[in-house]
Every structure is written in C-alpha cells, then in structure tokens.
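Heads up: the structure comes next, in structure tokens.
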Amino acid sequence: MGEFADKLAAKPLFYQRAYLGSLLPNHVKSGNLEKYYQKLTDFNFLMAKIQHPEFGVQALIDDFNLVDASKAVTYPEYNPEKVKALNLIQAALWMSADILDADKTKLAEQLLGRLLYFEMPQIQAMLEVAKQWKAAPWLRPLTPCLTPPRRGLLRTLTGHSNSVNAVAITADGKRAISGSGDNSLKVWDLTTGDEQFTLKGHSYSVNAVAVTADGKGAISGSSDNTLKVWNLTSGKEEFTLEGHSDWVNAVAVTADGKMAISGSFDNTVKVWDLTTGKELFTLKGHSDSVNAVAVTEDGKQAISGSWDNTVKVWDLTTGKELFTLKGHSDSV
C-alpha cells in the first residue's frame with residue numbers, strides 16, 4: 001500500500017477510523033484551516049484514505065467540501081491560493097474516480113497526469129511526494145498528459161442497455177434523470193456518479209424526460225404512447241397519462257409543477273394536470289409529428305415544434321393557438 005498506509009494499517013481499526021474519518025472535520029471545527037490544507041495536499045494521506053475499505057475515493061472527495069467556500073474567508077488562515085489548489089485536486093480526483101474505484105494504485109499516475117499543468121507550490125510539493133510512491137508498479141507521467149481539471153469529460157454514467165434518448169437535470173444540479181431505448185429511466189447522483197435507482201414501467205423506448213422545479217418529480221414520454229409521472233424521492237410511479245394515439249416525443253413541465261405539456265407523433269400537443277393525472281385539453285393545429293415542446297416561465301404559454309416545418313405558440317389558459325411561426329424549410 002505504501003509506507004504511510006502500511007504504518008496506519010498496523011494500527012487498531014478504531015484508530016484508523018478516527019484518523020481518516022475524524023481528523024479533517026476536527027481541524028475544521030477547531031478553525032485550524034492550515035492543518036486541513038496540509039492534509040488535503042498530503043499525497044500519503046490521500047492514498048491511505050482511498051485505499052481504506054471503509055472510506056475510498058468518494059469519501060476523500062467529500063472531505064474537500066468540509067469548508068464552505070462562501071464562509072471560508074472568515075477563517076484567519078484563509079488563503080485563496082491554497083483554496084484554489086484544493087479545488088484543483090478535488091476536481092482531478094472527481095475526474096479520476098471511475099479509474100480509482102477500479103484500481104486505487106493509479107492515484108499517483110492520475111494526479112501527475114492531470115495536475116502537472118499547474119505551477120502552484122502546494123500542488124507541485126504533493127506531486128513530488130507522489131513521484132516517490134513505490135508500493136506497486138505504475139506508469140509515471142513525465143509530462144502533463146491527461147485532461148486537466150475543468151476541461152472535458154468529468155464522469156461517464158453507465159448502466160443503460162440501449163441508447164439514451166433524453167436527459168434532464170434537477171434545479172440544484174445534484175441529480176440527472178435519463179431516458180433510454182431500454183424502456184427505463186435512471187436517476188443519477190451527479191456528486192458521486194452513482195445510479196440511485198431505475199424507474200421501470202414503460203413498455204417501449206423512453207423518448208423524453210422533464211423534471212419539476214423542486215426536483216421531486218419527473219415526467220417521461222414513451223413510444224408506448226403514454227407519459228408517466230414519477231416520485232424522485234421514492235423512485236415510484238405515481239400515475240400514467242394516457243391519451244396520445246402515437247409515440248410521445250417531447251415533454252415540458254410548468255415552473256409550479258402543476259401541468260405537463262407533451263408532443264406526439266399523433267400531431268397533437270396535450271396539456272395534463274399533474275395533480276390529478278387528467279388531460280386538461282388537446283392542442284390541435286400541426287399537420288405532422290410534434291417533436292419539441294417548451295413552456296414559458298409563467299406557465300401561461302407553450303411552444304411546439306413540428307415536422308410540418310412550423311412552430312406554434314399556445315395559450316395554456318384557453319387551450320387556443322395564438323399564432324404560428326413560419327420560416328423553417330424543414331422539420332423543427
């Protein structure tokens with residue numbers, strides 16, 4: 001594991017848990033940010049924490065969130081450069097999480113490959129220690145060769161067995177909901193990259209997903225001609241919205257979470273009451289499939305795009321078409 005990790009592993013389990021689990025929170029509680037900074041730029045501490053079976057990569061990533069950035073400036077030891085260094089290290093760990101979950105011995109390789117770009121003393125000192133790690137064979141990058149933090153791919157979310165057709169994100173940015181050709185939706189934790197649960201119920205491909213503003217509900221549209229309303233707290237289906245005679249291609253939800261608007265291959269837009277699960281009215285006027293829908297912030301108007309090359313604006317109070325926007329020479 002490494003000299004430091006080996007010494008720690010020789011200690012009683014209660015000591016290991018206390019050291020790796022309580023040390024940093026105690027530094028923060030006591031206002032000793034300097035020691036907090038030091039530990040999170042200590043390669044040996046990072047390695048020990050991700051290798052311990054009761055902690056791992058995500059627990060280490062969470063350690064970087066112990067000090068709220070907006071409140072950190074009140075600490076006497078607050079240092080903007082050190083905070084920047086911690087943010088970069090955390091981002092590098094986040095980008096490397098999938099790799100490190102599979103092989104924890106790649107920590108030095110990942111940090112060097114992603115952080116050699118940054119000429120910051122705290123980071124360079126940590127990398128000098130990482131270069132000396134000899135507990136297992138590893139490929140040592142001599143130059144910055146991996147995607148650095150804040151650029152490119154952060155995480156890959158895997159689990160669907162067919163194409164992913166739609167995705168929505170909760171307003172707080174903490175969860176994503178994906179719809180797939182495997183007939184399911186999945187709810188993902190964007191902090192950890194973990195799948196929280198799978199929403200099953202559709203009998204054909206899920207083509208569209210929307211999420212309520214409070215992040216508690218999702219609405220999906222499917223090639224089974226239905227929409228389903230899901231509770232994102234329990235992972236349970238609340239009810240099914242039936243009425244379209246062909247595939248549902250698009251869905252939007254009003255800001256107050258009370259209505260959903262769906263577009264379908266049946267050339268119609270439907271407005272649904274999400275409290276009762278009832279259809280309020282059908283908006284007719286398109287001469288071909290409706291592929292996209294959006295709703296205004298005040299929830300009073302909906303906009304639909306169609307294969308008939310037009311966009312239509314609808315009054316959601318009366319259910320009437322307000323006007324048609326023409327100009328496209330092909331499908332919207």
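One table, with the values for the structure above:
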| quantity | calculated |
| --- | --- |
| Given (1) surrounded by fewer than 20 Cβ atoms within 10 Å (Cβ to Cβ); (2) closer than 27 Å to Ala59 by Cα, index of the condition Ser161 fails | (2) |
| Whichever residue in segment 262-275 is surrounded by 15 or more Cβ atoms within 10 Å (Cβ to Cβ) and polar (S, T, N, Q) and, among such residues, is nearest to the chain's Cα centre (by Cα) | Ser262 |
| For His202: the one exception among (1) surrounded by fewer than 13 Cβ atoms within 10 Å (Cβ to Cβ); (2) touching a strand residue (DSSP E or B) at 6+ places or on another chain (Cβ under 6 Å) | (1) |
| Residue match in segment 239-261 (condition: within 21 Å of the chain's Cα centre (by Cα), assigned by TED's automatic domain parsing to the domain that holds Asn183 and of a type in the set (D, E, K, R)) | no |
| Residues located in segment 224-275, provided they are more than 15 Å from Val206 (Cβ to Cβ) and acidic (Asp, Glu) | Glu238, Glu242, Asp246, Asp256, Asp266, Asp273 |
| Per-region count, segment 182-226, residues under 20 Å from the mean Cα position of the chain (by Cα), part of a loop (DSSP other than H, G, I, E, B) and of a type outside the set (Asp, Glu) | 8 |
| Exclusive hit being among the aliphatic types (A, V, I, L, M) and crowded, with 19+ Cβ neighbours inside 10 Å, set Ala91, Ala136, Ala125 | Ala91 |
| Which numbered condition Thr156 misses (of (1) at pLDDT 90 or above; (2) among the polar types (S, T, N, Q); (3) loosely packed, with under 15 Cβ neighbours inside 10 Å) | (1) |
| Scan of segment 295-323 for residues that are part of a loop (DSSP other than H, G, I, E, B), more than 23 Å from Gly257 (Cβ to Cβ) and of a type in the set (Asp, Glu), ordered by number | Asp308 |
| Single residue of Asp288, Asp273 found to be of a type outside the set (A, V, I, L, M) and farther than 27 Å from Trp188 by Cα | Asp288 |
| Ala92 being out of contact with any strand residue (DSSP E or B) (no Cβ under 8 Å at 6 or more places or on another chain), under 30 Å from Lys82 (Cβ atoms), touching a residue at least 60 places away in the same chain (Cβ under 8 Å) and not polar (S, T, N, Q) | no |
| Test for Thr74: is it out of contact with any Gly (no Cβ under 6 Å at 6 or more places or on another chain), modelled with pLDDT under 90 and polar (S, T, N, Q) | yes |
| Segment 29-53 residues that are in the same structural domain as Pro121 (by TED's automatic domain parsing) and farther than 16 Å from Leu112 by Cβ, paired with ones that are of a type in the set (Val, Ile, Thr) and part of a helix (DSSP H, G or I) (beta carbon under 6 Å, 6 or more apart) | Tyr36/Val28 |
| Candidate set from segment 227-269 (those that are aromatic (Phe, Trp, Tyr) and in a loop (DSSP other than H, G, I, E, B)); member that is nearest to Val332 (Cα to Cα) | Phe265 |
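This table checks each residue for (1) small (Gly, Ala, Ser); (2) in contact with a Lys or Arg (Cβ under 6 Å, 6 or more places away or on another chain); (3) surrounded by fewer than 18 Cβ atoms within 10 Å (Cβ to Cβ); (4) modelled with pLDDT under 95.
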{"position": "Asn225", "(1), (2), (3), (4)": "no, no, no, no"}
{"position": "Asn231", "(1), (2), (3), (4)": "no, no, yes, no"}
{"position": "Asp246", "(1), (2), (3), (4)": "no, no, yes, no"}
{"position": "Val253", "(1), (2), (3), (4)": "no, no, no, no"}
{"position": "Gly277", "(1), (2), (3), (4)": "yes, no, yes, yes"}
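Here's the yes/no breakdown for (1) in the same structural domain as Phe64 (by TED's automatic domain parsing); (2) more than 17 Å from Ser96 (Cα to Cα); (3) buried (at least 18 other Cβ atoms within 10 Å of the Cβ); (4) touching a residue at least 24 places away in the same chain (Cβ under 8 Å):
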| position | (1), (2), (3), (4) |
| --- | --- |
| Leu142 | no, yes, no, no |
| Leu146 | no, no, yes, yes |
| Ala171 | no, yes, no, yes |
| Val187 | no, yes, yes, yes |
| Thr198 | no, yes, no, yes |
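The values are calculated or read from the model by the stated rules, or taken from the named source; none is laboratory data. Since this is a predicted model, take the numbers as computed values, not measurements. Backbone-built Cβ (ideal geometry, glycine too); neighbour counts: all protein chains shown.
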